[in-house]
Amino acid sequence: MALPSKVKIREVAPRDGFQSWPDFIPTNRKLEIIQAMIRAGVTEIEATSFVNPKAIPQMSDATEVIKSVPRPGCNYCALVPNLKGAQMALEAGTDEIAVFISASEPHNMANVRRNITDSMADLNAIFGLAKDKGTPVIGAIVVAFGCPYQGDVPVDAVFRLADAYLSRGATAVILADTTGMATPPRIDGLVRAYKERFPNTSFGLHLHNNRGTAMANLYAALEAGVNMFDTALGGIGGCPNVPHAAGNLPTEDVVYMLEDIGVDTGIDLLAIIDAAHLLEKILGQILPGQVMKSGPRDPEIASKICSVGHA
Ligand code: ZN
């Protein structure tokens, strides 16, 4: 199958990355990074998460972030774990909300301290509220490719959640490899089964790199026709409830590869590398991204923007 000519990138560093960063990042620095992403051509940003600030203090400025992001210019999504989170996100004026439930009981319990049935019980109210506001809802299926507590996740558990989201009007579903347990054949298998079960619906993948397979998984997904991916600037990110969590696919690494194989992302490679360098400066730590260190193919540009011998 030919690769898609174009894919949609959902930039998740401001949520997935900042929530798992050990320190609270000041709101104005978060906004600076979001602005740099937009300058690079990013059009979809998961900007924050409306979670309990006692549990995840890194996201305690969620309302301020949504109210202060530059508009127009980008579609801002906010992650919500429950009805209260959805109410707050909608009040703050987010463009889109993302609900999430794990496809395994032990992970959902660890992640949101509820069983799957209780999490699903909120969906009617959340979708109803969002509909009243005219705000689209996407649904994420956490640990869709494997659970750190239970191991394999049955495909029926994934489909049950997708069905719950889509039947309530979700505009897209995200299949998340929260734990980086997928390999290319597992991606291919679930994607093809998913497309057969839910034809002509929009869905994307969220790929963590815990085991070094994330880029191979992305390529396998492209071959299976997937055209939407979550990525994070600098490759930051992680799940607080996954042992040894690793980051997401670095946005700039994905843009580099896709550009070279003729798949359009709409994102400018040099500008997104710039944004990754800004992020590294603000966080004060070397980030997992590779292309931000090695640079683009053009040796002259690479030597100018990326310091040779960067650790
Ligand atoms: Zn994630």
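The values are calculated or read from the model by the stated rules, or taken from the named source; none is laboratory data. The structure presented is a predicted model; accordingly, all values stated were derived computationally and were not measured. Counting neighbours? That spans all protein chains shown, and the Cβs are built from the backbone with ideal geometry, glycine included. We work out accessible area using only protein heavy atoms, side chains counted, and drop any ligands, DNA or RNA first. Shrake-Rupley method; radii C 1.70, N 1.55, O 1.52, S 1.80 Å.
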Open item on the list: Counting heavy atoms of the protein chains only and a 1.4 Å probe, report the per residue accessible area for the chain as a whole number of Å².
Closed with: 41
Task: Nonlocal amide H pairs with Phe203, under 5 Å, H built at 1.01 Å - done: Val173
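Ignoring everything except DSSP H segments at least 4 long, calculate the 222 nm mean residue ellipticity for the chain; use -39,500 (n - 2.57) per segment, divide by total residues, nearest 500.
After summing the helix terms and dividing by the residues of the chain, the value is -12000 deg cm²/dmol.
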Task: Translational D in µm²/s for the range 81-148 (Stokes-Einstein at 37 °C, 0.692 mPa s, Kirkwood Rh from C-alpha pairs) - done: 266
- [ ] On the full set of protein chains, 1.4 Å probe, figure out the accessible area of Lys67 and give it in Å² to the nearest 10.
- [x] 130
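Quick one, what does Rg over Rh come out to for the range 1-89 if you take C-alpha atoms and the Kirkwood Rh? Walk me through the numbers before you get to the answer.
Details: Rg = 13.9 Å, Rh = 13.6 Å.
Taking Rh as the inverse mean 1/r over Cα pairs, Rg/Rh reads 1.02.
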Task: Top positive-direction residue, dipole computed over the range 93-176 with Cβ charges, set Phe145, Phe127, Thr117 - done: Phe127
Open item on the list: What would the Debye equation give as log₁₀ I(q)/I(0) for the range 1-150 at q = 0.14, 0.16, 0.17 Å⁻¹, counting only Cα atoms as equal point scatterers?
Closed with: -0.71, -0.91, -1.01
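Using a 1.4 angstrom probe on the protein heavy atoms only, could you order His208, His277 from most to least accessible area? Write out the running numbers ahead of the final one.
Details: His208 5, His277 50 Å².
Solvent-accessible surface, decreasing: His277, His208.
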Task: Carbon plus sulfur fraction of accessible area for the range 169-256, probe 1.4 Å, in percent - done: 50
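Roughly how large, in nm² to one decimal, is the mean projection of the convex hull of the alpha-carbon atoms in the chain? It would help to have the intermediate numbers written out before the result.
Values: hull surface 58.4 nm².
Mean projected area for the chain: 14.6 nm², to one decimal.
Please state, as a whole number in µm²/s, the translational diffusion coefficient that the Stokes-Einstein equation yields for the range 252-305 at 20 °C and 1.002 mPa s, with Rh defined as the Kirkwood radius across alpha carbon pairs.
Numbers: Rh = 11.5 Å.
Rounded to a whole number, D works out at 187 µm²/s.
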- [ ] Quote the accessible area belonging to Tyr149 in square angstrom, nearest 10, computed with a 1.4 Å probe and with ligands, DNA and RNA left uncounted.
- [x] 110
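Where nothing but the Cβ of Lys and Arg (+1) and of Asp and Glu (-1) is charged, how large is the charge dipole of the range 152-269 around its Cα centre, in debye to the nearest 20?
Details: 7 positive and 14 negative charges, 109 e Å.
Roughly 520 debye for the range 152-269.
What size of dipole, in debye to the nearest 20, comes out for the chain about its Cα centre when the only charges are +1 on Lys and Arg C-beta atoms and -1 on Asp and Glu C-beta atoms?
The calculation lands at about 460 debye.
Over 24 Å between Cα atoms: which of Lys8/Lys195; Lys30/Lys304; Lys30/Lys293; Lys54/Lys131 fall into that group? Spell out each step's value before the answer.
Details: Lys8/Lys195 18 Å; Lys30/Lys304 26 Å; Lys30/Lys293 22 Å; Lys54/Lys131 29 Å.
Over 24 Å apart, Cα to Cα: Lys30/Lys304; Lys54/Lys131.
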- [ ] Could you pull the accessible area for Ser68 with a 1.4 Å probe, rounded to 10 Å²?
- [x] 50
